[in-house]
Amino acid sequence: MFLALWYYLRGYVRIKAKGFSAERFMNMAAFRGVYLWDVAQAGAGMTMKAAGGSLDTLEACAEKTGCTIEVLGWGGLPAFLGRFRRRQVWTAGVLLFAAGLYILSSFVWTVEVEGNERLAKEDILSFCEEMGLRPGAWKRNVDTEAVTNSLLEQFADISWVSVGIRGTDATVKLAETIEKVELVEKETPCDIIASADGVIIQITAERGTPLVSAGDVVKKGDILISSELLIGLEGEEQHTEYTAAEGAVMARIWQRLTEEMPLQYEETIYSGLEKENYSLIFSEKELDFIRPSGDGQWEKTVLEETPLALGDFELPLKMKKEIWKACETAQKERTVDEAKSILEENLRKKTENLLSPYGKIENIEIRFEEYADGVRAEAEVTLAERIDEKQLRTQEKERGSANEF
């Protein structure tokens, strides 16, 4: 096996020896150090292979033994490479292709993050990009050790991280710290105060002393459930203790919303003419050499961006396909009633966005003001919402309450 590989690299010649002393010819060649293999009978002669540089020795042996030799062909690596001398364009293409693959494999084309649960993948990739690790980066310019250390310094929730590059793929593997358990504070005294002005609908106090009841009017910041507790039987001496007040307070609150709508507006009208456009994206740079021809106004919509690949090898290129729609802008005018209808719908959607999971809409009153070029709407919204908000009780308040007793 080793000799076959050796003579393939050096090159070999395949010959045919004819004559009555073919065996003597072979013995003389072997005696002079010529290695012969693949010897076979071929009619009145013998075919065999020998090292390419031994042809002169073989011709001398054939002359002395009265044999004739015929060169049937050449083989091995030198003969294989010799074919390309007559195919210069094809050879240049192969070399350029090999050089292109080598250059393309010198870049990082994909960056993946593994092991993240609480941390956002986009935040990690954004920081890696600041450190030079991004798709399209030259691999030799990426300091994986520096990226690793910087990630540990930047993100306190990372306990271990490893950054590696294999082929054209970079992988950031990390382990997050153990998530801290959120403790519900039940020892530090706090009051439940109103987060907005309103009228109390319902109050439920789990801990603490309720200071308001249904129907009471409260201002923002008023204490709804106090942290003070009077301990002791009625008629006996009582003392004050403090707790972390807990409870839910529903109240009727009011909001004022305004919005305007012009009567004249611009509308995009499509003619139905569409054209497709393709462009290449290389390292966040778009190469668009051939654009659809045509005058006028066009609206572009990206349909897809497809990564290009050679088999399993992903290239640093993406093919973007977009559709161009011919359109024109026309001046339109809506009626006052149409404007009022749109304003009413918009205000209702805004009101729904104001609601918490516990709230509901009780009433919406909308007043319209008409102008020469538009309509203005003002809505008075009545909501049923939770207004309870915790506030730590200060030591000054505690001392003041103690002095009163």
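The values are calculated or read from the model by the stated rules, or taken from the named source; none is laboratory data. Being a predicted model, the structure only gives us computed values, none of them experimental. Please note: Cβ atoms are built from the backbone with ideal geometry, for glycine as well, and neighbour counts cover all protein chains shown. We work out accessible area using only protein heavy atoms, side chains counted, and drop any ligands, DNA or RNA first. Shrake-Rupley method; radii C 1.70, N 1.55, O 1.52, S 1.80 Å.
Structure summary
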item: Carbon/sulfur fraction of accessible area - the chain, other protein chains in place, 1.4 Å, %; result: 51 percent
item: Global geometry of the range 102-226, whether rounded, prolate or oblate, following the gyration tensor of its Cα atoms and the 1.5 cut on a/c; result: prolate
item: Restricting the range 8-39 to chymotrypsin sites (Phe, Trp or Tyr not before Pro) in coil, as DSSP defines it, with at most 12 other Cβ within 10 Å; result: Phe20
item: ³J(HN,Hα), Karplus 6.51/-1.76/1.60, whole Hz, each residue of the range 160-167, x for Gly, Pro; result: 8, 8, 9, 10, x, 10, 10, x
item: Cleavage-rule hits (trypsin sites (Lys or Arg not before Pro)) in the range 1-80: DSSP loop, at most 14 neighbouring Cβ within 10 angstrom; result: Arg32
item: Amide hydrogen neighbours beyond the local backbone of Asp197, cut-off 5 Å, H modeled; result: Lys220
item: Read-out volume of the Cα convex hull per residue in Å³, derived from the coordinates shown; its label in (i) 146; (ii) 222; (iii) 331; result: (iii)
item: Relative contact order [Cα under 8 Å, 6+ residues apart], the chain, whole percent; result: 12 percent
item: Estimated FRET transfer efficiency when R0 is 56 angstrom, pair Glu370-Glu112 (beta carbons, to 0.05); result: 0.45
item: Mean accessible surface per residue for the range 200-348, computed with a 1.4 Å probe while every protein chain stays in place, in Å²; result: 67 Å²
item: Helical mean residue ellipticity (222 nm; -39500 (n - 2.57) per DSSP H run of 4+; nearest 500) of the chain; result: -8000 deg cm²/dmol
item: Largest to smallest accessible area among Asp123, Asp337, Asp388 [probe 1.4 Å]; result: Asp337, Asp123, Asp388
item: Range in the chain, longest, excluding exposed GluC sites (Glu not before Pro) [loop by DSSP; at most 14 other beta-carbon atoms within 10 Å]; result: 285-405
item: Integer Hz, Karplus 6.51/-1.76/1.60 couplings in order for the range 97-114, x for Gly and Pro; result: 5, 5, 5, x, 4, 5, 5, 5, 6, 8, 10, 8, 10, 9, 10, 10, 10, 10
item: Listed residues Ile323, Ile15, Ile193, most fluctuating in the chain (Gaussian network, C-alpha, under 10 Å); result: Ile15
